[in-house]
Each structure stands twice: as structure tokens, then as C-alpha cells.
Amino acid sequence: MQVQKLTRHLILALAAASAAYLGVARAQNADLTPSYVDGIAAVVNQDVITLRMVQNEIEVVTKNLKAQKIPIPEQSVLQKQVLQRLIDERLLKQEAAQLNITADNVNVDEAATMIAARNNLSVPQLRKEVEKSGLAWDTYLDGLRQEVVMDQIRQRVIDPRIRISESEIDAYLKSQGFDPESTKMAVQPNEMIELAQILVRVPEGASAARLAELKKKAESLLQQARQGADFAGLAASSSDGPEALQGGVMGTRPLGGWPDVFAQAIQNVGQGKVADLVRSGAGYHILKVVNRGQSQATQAAGTDMIVTQTHARHILIKFNQITSDEQAKQRIEQLALRLKNGEDFESLARAYSDDASAPQGGDLGWLHPGETVPAFENAMDALAIGQVSAPVRSQFGWHLIRVEERRDRNVGNEYRRLEARQALHAQRVEPAFDDWFSQIRSQAFIDNRLDPESSSRRRK
């Protein structure tokens, strides 16, 4: 269904991005073609990163580190850290282009609206907070755009690799105190934990000697962190993680929302303390529990939860590299006119819709609140039964929507199982993404001229 559902990891990613004005920044887009006087910092497959681009990013990062009172690494170290981040961003953009994944302004506007709502702000208020911190609004939106692209990559590449069985859901629910057979469970608090990390990345296929060297480095950093060194400063100067230049802070989630290997390591670690060294497919992790506290208690699985579901159909005309936004709009307007003149919605959907639901006459089945993107859901909720919408634009294209019927349904137990599935998915998606991206790095041609040891000379 191309009325793509908002995934849990997107909500988590965008929630983390809501703190962007406190530290996450991106340099303004620069010309990829180096001038005669501008040196080359790195070559990433066919793309060039210039020294000027690195310096532009260093200026932004330095400003944000100062704002967060994070010790600024030596210039040579900061230069390497910034360049590595730019290389990773370039690799992700290249993969997104190969997958025909883009984030247009509608994606970003919807992301900003979601973040503002989660923080009880309007979008203008969010913008005011962002700019108050010294971060340009366009730069903030650039960061959101990257988060949206990454989430679409996860949906396309990573999600199909993650399989969660009903028996695994049963086991998870039992571990939370719920007996699936009796459908009774006491309300339990959902502990929220904020984590920061220092990652010592282990390249794919590293030799035993290199592995021992990297483990020794990780153990040294762990010792420094436990002896009172500034954790954020250590992360900024030494971490290979994507959040290094934000002091290593990864955000706040329920304990069960962190990868399983993290959750086990930090389960009995107090606030402000550092866990034992953790090994994953990505490398060695040094984890600090920045904060831990109780959120609002989770709902009991046996509790009634009445929601209004909507049975809807739609016709989708996608815009892409072949069909422009304006062309897609014209096509949907022509179909809207044909419907107005009495043609059958289901027949037009079968003949013209670009969605996977086309063979079923555009039938999307019963939709829960929050299951579709806001632009689609808002238009659908405004319709009476049997009514057809005006053309509606989402990030996936142009839609015509018809509401077939509505019903109220108790989804308490179903919701609990969905929560369990989402928690298990959240535990697995990041390790799976790290494994995938490690393969992308190892297969790429990377000529890092500031840190030759990190180069990879394979041609894609």
C-alpha cells in the first residue's frame, strides 16, 4: 500500500531530530565541483568532497559544540571526524539515488509538523526555537530531509530482512508480565532511558591483529570514561558513530526500544554510569546511561481501547523521475472529472492507479487512526461515507479517496501485540542497518586523503 504507514523507527528518528536545534546541523549544500584552488579531501565513488566543504562543515560543528559546552577536539581530529560524517552522508545519498528515493518538501514539511506536535508546538513556534539557538531553519530542514531519506532506505532495504513471528511476540509479552492466554496484565511502567555512545567501528573482514588493536582502543576509551573524562568530549574526538559530533547522544527510548545487546548491557547500570564494553556487528560500543526514568505507565493489554476505523479506497498517481508533480496532478484531476461524470471508482482504480491496491479496485481495507500519512488521513477523516475527496497530495503522489464505511472497534489486545512487534522491530532494525551500511562502505571506492587508513579502494 503506497499510503505508507509511519513506522516506529521514523517516529523515533524524527523525535531525536527535534533536538536538532540543540546540536544537529548540516552545512549548506556546496558545489561538488572543486575550484582550481580548492583541494580534494576525499573521493567517494564518483563524488568529490573538497577541503572547502569540510571547512564549511567544521565551522557549523564548532559552533554547535560550543553551544552544547562540549570540548572541541583538536583541529586535525575534528577535520577527520567531520570528513567521515560527510563520506557517510554521501554514501547514503548515492544508495538513495540508486533506489530512486527522494525527500521532497512535502516529506520535510510533514516531518516538521510531526516534531512540532510531539513537542506541543506549532511549526512557527518550532522554527522560532530553532532560530533562537542560532541554527538556520533551512539547515534544520536539511537535517530532517536526511532523516526522511534514511527512513525510506530502512523501509525499502532493512525492513524486509526482519522477520518477527507470533511466538516471538508471545515470548516478549510474557517477559513484560502479560499472559497471552488470559489476556490479563497489570499496568506496568515503561522505563525511558537516554543513552550516549562512543563507537569504535570494526571494518568488515578486519584481520585478527586489527581487531585486537581496535579492542585495545575501545578498552582505553572505556577506562577514560569511567575515570571521569568528559564523555561528550571523548565521543566528539574518538567515536566512529554518526552522533559523535553531538557528544555521542543517541536519544531517549524505552528500555525495550534499544537494540537487545544494548538493553542487556545497561539494564542494571545507574544514571550517569558507563556500562561494560559491548560488541556488536558494527564494532565496540561504550554506553553511558545519561538519564533513566519512568514514563507514563503502559496500557494493560486487557483494557478496552475503542478506536474509529475507516474502510477506504483510493486512486494514486505517483510523481517520480518519469512523471512530474504537475503531470501527476493533471492526471488525477482528469480522473476526478471522470468520477464526477459518473464513471465507477473501482474500475478507474483498477485501470489507472499506481498503487498495489489497484487490482482490488483501490481497496485499502480497514485503517486505524495514525496508520497513514497525515495528508491522507486528514483528507479521509473529513469525508462523509460514500464521498470522494478532491485531489490530495502526499509525498507518494496525488490521491483520490473514497470512504466506504466506518466502525468503532475494541483494539486493546491487538494494540498490545502491535506494540510488542514494534518493540522487537526497534531492537533489530539498527543492528541490521549497521550491518548493511558496513557492507556498503566495504564495497565502495573511498579515497580519504585526510585519513588514508580509513580508505577503501574497491570500485562499485
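Descriptive notes on the structure:
- Sites Thr102 and Ala390 - FRET efficiency at Förster radius 30 Å, r taken between beta-carbons, to 0.05: 0.75
- For Met192, the residues 5 or more places off, or on other chains, whose built amide H falls under 5 Å of its own are Gly293, Gln294, Ser295.
- Cα gyration tensor, the chain - rounded (a/c under 1.5), prolate or oblate: oblate
- For Asp240, the residues whose modelled amide H falls within less than 5 Å of its own, excluding neighbours fewer than 5 places apart on the same chain, are Leu199, Val200, Arg201.
- Between Asn291 and Asp138, the simple spin-label model (points 7 angstrom out along Cα→Cβ) gives 3.3 nm.
- Nearby lysines by direct alpha-carbon distance to Lys217 (threshold 18 angstrom, same-chain neighbours under 8 apart not counted): Lys80, Lys288
- Spin-label model, Asn410 to Met305: label points 7 Å out along the Cα-to-beta-carbon direction sit 1.4 nm apart.
- For Met250, the amide hydrogen comes within under 5 Å of the amide hydrogens of Leu195, Ala196, Gln197, counting only partners 5 or more places away or on other chains and with H modelled in the peptide plane.
Computed from the coordinates by the stated procedures, all read-outs in this text should not be read as laboratory data. What you see is a predicted model, and the numbers here were worked out from it, not measured in a lab. All Cβ positions, even for glycine, are placed from backbone atoms using ideal geometry, and neighbour counts span all protein chains on display.
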